[in-house]
Amino acid sequence: MTDTTTNHKTDTASSKNDDRMTLEILRYIPGTHSEPTFQRFDIPYVEDWSILDALGYIKDELDSSLAYRWSCRMAVCGSCGMMFNGVPKLACETFIRDYYPRAIRVEPLENFGIERDLVIDQEPFLEKLESVKPYIIDAMANAPSGKPGAPASHERETIQAGENKQTPKELAMFDQYSMCINCLLCYSACPQFGLNPAFLGPATISLAHRYNQDNRDHGTADRAPALNEKDGVWSCTFVGYCSEVCPKSVDPASAIQQEKVRGATDWALSWILPKGAR
Ligand code: SF4
Ligand code: FES
């Protein structure tokens, strides 16, 4: 058949004649379905289609009720995370040719509630993220002038002037962690999060670490309670699959271990140092 849309042309040179593929998609529409069930779709095999293109074909040509998230089509927005044959990946950078001629089983990201079809409930993650204050907290926020811990006058002037210069070495301390696109693949890969949904989890801890490592930030103490409580860094058993599936080469497993070291050091120092020096 000829597809008239620009997103998924079936008449490209890379299409293999009349070859077909099957996508088995987990469907769940609250109020319509009593439970999630797989539905099979027969689609043309087009070598340069991503799985996101294939979903677009199904939505435009076969079943407009299919729901899934996407936006950028270039692995930047983090919207299109799904499970393909049990592995969490981004739909826009995963190609059907890597599965052909096998069927592809498409499911919503594991370990999350389903809102509809392939759309997961992100609310619990957003609450966790908020709890670690993922933004730069400047010295002025926590130390009013004249109080213990207040920044020196030259530092206050620098902050007020809006200067935030950093050396390449200082940038390297947090650079990779700032690449996170909140796609949540790491949460689907994490067996600990699967067992304990209260676990703060890989991306949240990575982003907390990103700001704790930033020399412009003065919010480490503000993030410590969430990171060091029982569902914080200490729930991680260092399986490491979160880092394997990350599409942006962030290493959440290493961020978590570094925050464990920070938490343990702070705890030890709290016993040694006099109160005013902690
Ligand atoms: S750490 Fe990687 S896998 Fe996890 S949310 Fe960020 S980009 Fe996605
Ligand atoms: S559509 Fe934006 S990451 Fe895939």
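Annotation: average projected area of the stretch 27-147 is 10.5 square nanometres, based on the convex hull of Cα atoms across all directions. Taking Cα pairs under 8 Å and at least six residues apart, what relative contact order does the stretch 192-252 come out at, in percent? After rounding, I find 38 percent.
If only the Cβ of Lys and Arg carry +1 and only the Cβ of Asp and Glu carry -1, the dipole of the stretch 166-267 around its Cα centre is close to 60 debye.
Here the Kirkwood formula puts the hydrodynamic radius of the stretch 194-250 at 12.4 Å, using every distinct Cα pair. Separation of the stretch 108-123 from the stretch 204-278 is 27 Å, based on Cα centroids. With both labels modelled 7 Å from their Cα along Cα-to-Cβ, the Asp121 to Cys77 distance reads 2.4 nm.
Rolling a 1.4 Å probe over the protein heavy atoms of the stretch 161-272, with every protein chain left in place, gives an accessible area that is 60 percent carbon and sulfur.
Compactness of the stretch 211-278 was expressed as the Cα radius of gyration divided by 2.2 N^0.38 Å, which yields 1.27. For the stretch 39-98, the relative contact order comes to 43 percent (Cα pairs under 8 Å, sequence separation of at least 6). What the stretch 202-271 shows is 44 Å² of accessible area per residue, with the surface traced by a 1.4 Å probe over protein heavy atoms.
The values are calculated or read from the model by the stated rules, or taken from the named source; none is laboratory data. Being a predicted model, the structure only gives us computed values, none of them experimental. All Cβ positions, glycine included, derive from the backbone under ideal geometry; neighbour counts span all protein chains shown. These accessible areas exclude ligands, DNA and RNA; they are computed on the full protein's heavy atoms, side chains included. Shrake-Rupley method; radii C 1.70, N 1.55, O 1.52, S 1.80 Å.
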